[in-house]
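Notes follow the structure.
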């Protein structure tokens, strides 16, 4: 078994409003001198440390946990799962 | 009438609810701790407001995995009246007992203020004493109260008369001003505002009578004249 770091990023689906991201864009970034920024989206990241036989299994296991325990709400959120060597 | 008030770690409106049930409406209220089975003598169950598990991950999602929720699902299937208030509503949607999701308020602020509800469905065990479109002055107190469903679910909610309460104006960005919904059978109701904070004239600067009808509807459902 090898230890892997699995990053789970949860963000709103397109079309679901993200007032925090909009506030950071409009009231912080665009009020500075960074006019080339067009969008900022907030997200939540959970970092799992998991022992599995390989990267693929680590990814599918964490995916399964996320679905089973509703770590993200599929009605409004999408999830991205990235695996790294510990 | 025996009414269970489910208590999770972080519930904080459980005692207000218990007080209203027992001292205002003379019901036999009992606390039900989240990791114990639900007593089998209950005629109705209320999930009170608060901050179960500190709203960690997402309001209501951790409590929705508590052992007692399996029992709540069983009695929901039997048709017993179940009311979720605020965090209780969030737990009901996260457990799949009610459709939709409660997102952070548009303002991103915790909102604690008086609102007006409009009754959209007066057939549930918690609204049968209301006239349709009756107004209820009632306070909200939440950070994640913005109701959202996708278009397909919204159509179904409208078709099956599952929208129970709406705000009378834009409050927090809730889709179509939805403040409360029920399941298809109508016995499970969730609402963001706090009726237990509105039924007594001493703490209601407006009109406490409409809020009392939420509990009087439950009494009516149980065949009790108050």
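Taking the square roots of 5 times each eigenvalue of the Cα gyration tensor of the protein assembly as shown, largest first, gives ellipsoid semi-axes of 36, 25, 16 Å.
Quick check on the exposure proxy: order A:67, B:71, A:27 from fewest to most C-beta atoms within 10 angstrom.
Ascending number of Cβ neighbours within 10 Å: A:27, A:67, B:71.
Based on DSSP H runs of at least 4 residues, each adding -39500 (n - 2.57), what is the mean residue ellipticity at 222 nm of chain B after dividing by all its residues, to the nearest 500 deg cm²/dmol? Display every interim value, and only then the final one.
Working: 5 runs with 48 residues, N = 226.
Calculated at 222 nm, the ellipticity per residue is -6000 deg cm²/dmol.
If packing is taken as the average number of other Cβ atoms within 10 Å across a peptide's residues, how do A:47-60, B:195-208, B:140-153 rank, most packed first?
Put in order of decreasing packing, that is B:140-153, B:195-208, A:47-60.
Given axes a ≥ b ≥ c from the Cα gyration tensor, I'd like to know whether segment A:2-85 is rounded (a/c under 1.5), prolate (a/b larger than b/c) or oblate. Because a/c hits 1.5 or more and a/b exceeds b/c, segment A:2-85 counts as prolate.
How much mean residue ellipticity at 222 nm does chain A get from its helices, if each DSSP H run of length 4 or more adds -39500 (n - 2.57) and you divide by all residues, to the nearest 500 deg cm²/dmol?
-7000 deg cm²/dmol
Taking every residue in A:65-78 and counting other chain Cβ atoms within 10 Å of its Cβ, the average works out to 4. For chain B, averaging the sequence separation of C-alpha pairs within contact (under 8 Å, six or more residues apart) and dividing by the residue count gives a relative contact order of 19 percent. Separation of segment A:1-55 from segment B:124-195 is 31 Å, based on Cα centroids.
Mean sequence separation of contacting Cα pairs (under 8 Å, at least six apart), scaled by the length of chain A, corresponds to a relative contact order of 52 percent. Sorted ascending by nearby beta carbons within 10 Å, beginning with the fewest, B:35, A:82 become B:35, A:82.
Calculated on the alpha-carbon coordinates, the convex hull of chain B measures out at 107 cubic angstrom per residue. In the elastic network of chain B, a GNM with C-alpha springs shorter than 10 Å, the most mobile of B:62, B:178, B:136 is B:62. Between helix A:55-68 and chain A there is an angle of about 70 degrees, using the helix long axis and the longest principal axis of the Cα atoms.
Anisotropy class assigned to segment B:159-226 is oblate, per the alpha carbon gyration tensor with a/c at or over the 1.5 cut-off and a/b no larger than b/c.
Assign one of three labels to segment B:12-83, namely rounded, prolate or oblate, based on the Cα gyration tensor with a ≥ b ≥ c the square roots of its eigenvalues; rounded applies when a/c is under 1.5, prolate when it is not and a/b is larger than b/c, and oblate otherwise. If you can, show how the numbers build up before the last one.
On the way: a/c = 2.13, a/b = 1.21, b/c = 1.76.
It is oblate, given that a/c is not under 1.5 and a/b is not larger than b/c.
Sorting B:19, B:34, B:194, A:34 by the number of Cβ atoms found within 10 Å of their own Cβ, with the fewest placed first, yields A:34, B:19, B:34, B:194.
A short reminder: the numbers here are calculations on the coordinates, not readings from a lab. This is a predicted model, so every value here is computed, not measured. As a convention, Cβ positions derive from the backbone with ideal geometry for all residues, glycine included, and neighbour counts pool all protein chains shown.
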